[in-house]
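Novice: Take this structure, written in structure tokens, and hold onto it; I'll ask about it next.
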Amino acid sequence: MIMKQLINILTGSLFLFGMSSCEKDLPVYETPDCWLNFVYYSSYDGSVLGTEEVTDEMRYASYSFVYVGEEVEVDTVWFEVSTMGFVSDEDRPLELEQIQTGGNDAKADVHYVAFTNEELKAKYMIPARKTGTKIPVVVKRDPSLSNGDVTLQFTFKDNGYFKPGYDGLTTRTLSISSKLTKPSVWEESYCDYTFGLYGPEKHRLMIEWTGEKWDDEYIKELMDGDSAYVNYLADWFAQKLEEENAKREEAGEEPYKEEDGTPVSFEPKSWS
């Protein structure tokens, strides 16, 4: 017993000496700079994704007022962010800025509440002793949305507290619509390989036939759940479409089609 204790003491001493020696060789982290990144999670195991794992489809998000009813004029979309660098004992503000794409860009205080809005700026804050938070983008239902979707692309602004972080993790694109739009998780959840290629009319039918929203939140929860139920649902949609099209044919109507004339189909996309 005494010999065993002696060995443990000597081993511990060597380990501590080794740690001390290594610590002396390490440079002290002293840079005052801090950075911000948007956070993305794996649809497989929920792990945080690195720069090379994030795709353009993941950087894209969509919001449609269709899901919330005509009485809703203003709503909020949340984005998770994380910090790099030292943690502070005080709250630290962050700033966002819009990137003009040259397309049908969203207009501040028309399609979304400006990032410089004083009330909203109070929400753009990394809490004390925290390395991340969720920040809001407040979208507005403007009549101009009836003419088509608008795009809000935004990034972090260097405000003295934070700088933009890794390339590929600092820009998000939000599509704002008053019509049905392709959910941003449709492709990353491999819905094409389960329910077939996306189409607005198909999307409308999926909502009507199930009573579910089929938005980002619902799709992600569904596809991360019971795979047997997902496969059952895919078969049910195909059968339901066949039955409904038969009824339409009897009534002298055409089968369900997308706006471009493509027949609605639940034929899964091939993996090959």
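Novice: Based on the Kirkwood radius over alpha-carbon pairs, what value in µm²/s does the Stokes-Einstein equation return for the translational diffusion coefficient of region 158-221 at 20 °C and 1.002 mPa s?
Specialist: Here the translational diffusion coefficient equals 152 µm²/s.
Novice: Can you list the lysines whose alpha carbon sits under 17 Å from that of Lys213, skipping same-chain ones fewer than 8 residues off?
Specialist: Hits, sequence-local ones excluded: Lys179, Lys182, Lys202.
Novice: Another question about this same structure. Which whole-number percentage describes the relative contact order of the chain, with Cα contacts under 8 Å and a sequence gap of 6 or more?
Specialist: Reported relative contact order: 21 percent.
Novice: Find how much the distance from Lys269 to Ser227 grows on full extension, using 0.36 nm per residue of separation minus their present alpha carbon separation; answer in nm with one decimal.
Specialist: 13.4 nm
Novice: Something else: How are the C-alpha pair distances of region 127-272 spread across 5 Å bins, as whole percents from the shortest bin up?
Specialist: 2, 7, 13, 17, 16, 13, 12, 9, 5, 3, 2, 1, 1, 0
Novice: What's the carbon and sulfur percent of region 109-221's accessible surface, probe 1.4 angstrom, rounded to a whole number?
Specialist: On region 109-221, the fraction of accessible area on carbon and sulfur atoms equals 47 percent.
Novice: Using the crude model of +1 on Lys and Arg Cβ and -1 on Asp and Glu Cβ, and no other charge, please compute the dipole size for region 60-141 relative to its Cα centre, in debye to 20.
Specialist: 240
Novice: Also: Pick the calculated log10 I(q)/I(0) by the Debye sum over Cα atoms at q = 0.10, 0.11 Å⁻¹ for this structure from (1) -0.54, -0.65; (2) -0.61, -0.70; (3) -0.68, -0.77?
Specialist: Evaluating log10 I(q)/I(0) by the Debye sum over Cα atoms at q = 0.10, 0.11 Å⁻¹ on these atoms matches (3).
Novice: Calculate the radius of gyration of the Cα atoms of region 198-238 to one decimal place, then report Dmax, the largest Cα-Cα distance, as a whole number, both in Å.
Specialist: For region 198-238, the Cα radius of gyration and maximum Cα-Cα distance read 10.1, 26 Å.
Novice: Computed on alpha carbon atoms, what radius of gyration and Dmax characterise region 229-272, expressed in Å?
Specialist: Both quantities, over Cα of region 229-272: 12.2, 38 Å.
Novice: To the nearest 20 debye, what charge dipole does the chain have about its Cα centre, counting +1 at the Cβ of each Lys and Arg and -1 at the Cβ of each Asp and Glu?
Specialist: 1100
Novice: Also: Please give the calculated 222 nm ellipticity per residue for the chain, where each DSSP H segment of at least 4 residues contributes -39500 (n - 2.57) and the sum is spread over every residue; nearest 500 deg cm²/dmol?
Specialist: -9000 deg cm²/dmol
Novice: Would you calculate the separation in nanometres between label points at Ala251 and Asn117, each defined as 7 Å from the Cα along the Cα-to-beta-carbon direction?
Specialist: Calculated label separation equals 4.2 nm.
Novice: Can you give the FRET efficiency for Asp192 and Lys130, using 1/(1 + (r/R0)^6), R0 = 30 Å, r = Cβ-Cβ distance, to the nearest 0.05?
Specialist: Efficiency for this residue pair is about 0.20.
Novice: In Å², what does the accessible area per residue of the chain work out to with a 1.4 Å probe?
Specialist: 61
Novice: Given the alpha-carbon gyration tensor of region 56-157, what are the semi-axes of its equivalent ellipsoid in whole angstrom, ordered largest first, with each equal to the square root of 5 times an eigenvalue?
Specialist: Ellipsoid semi-axes (Å, largest first): 27, 15, 13.
Novice: Among Phe156, Phe86, Phe65, which one moves the most in a GNM of the chain with springs linking Cα atoms closer than 10 Å?
Specialist: Phe86
Novice: Would you work out which of Ala246, Gly148, Ile99 lies farthest towards the positive end of the dipole of the chain? Charges go on Cβ: Lys and Arg +1, Asp and Glu -1.
Specialist: Ile99
Novice: Considering only C-alpha atoms, what is the centroid distance from region 46-79 to region 193-230, in Å?
Specialist: 16
Novice: In Å, what Kirkwood hydrodynamic radius results for region 146-188 from the alpha-carbon pair distances?
Specialist: Kirkwood hydrodynamic radius for region 146-188: 12.7 Å.
The values are calculated or read from the model by the stated rules, or taken from the named source; none is laboratory data. Predicted model, so just to flag it, every value in this text is computed and none were measured. Using ideal geometry, Cβ is built from the backbone for each residue, glycine included, and neighbour counts are taken over all protein chains shown. Only protein heavy atoms, including side chains, enter the accessible area calculation; ligands, DNA and RNA are left aside. Shrake-Rupley method; radii C 1.70, N 1.55, O 1.52, S 1.80 Å.
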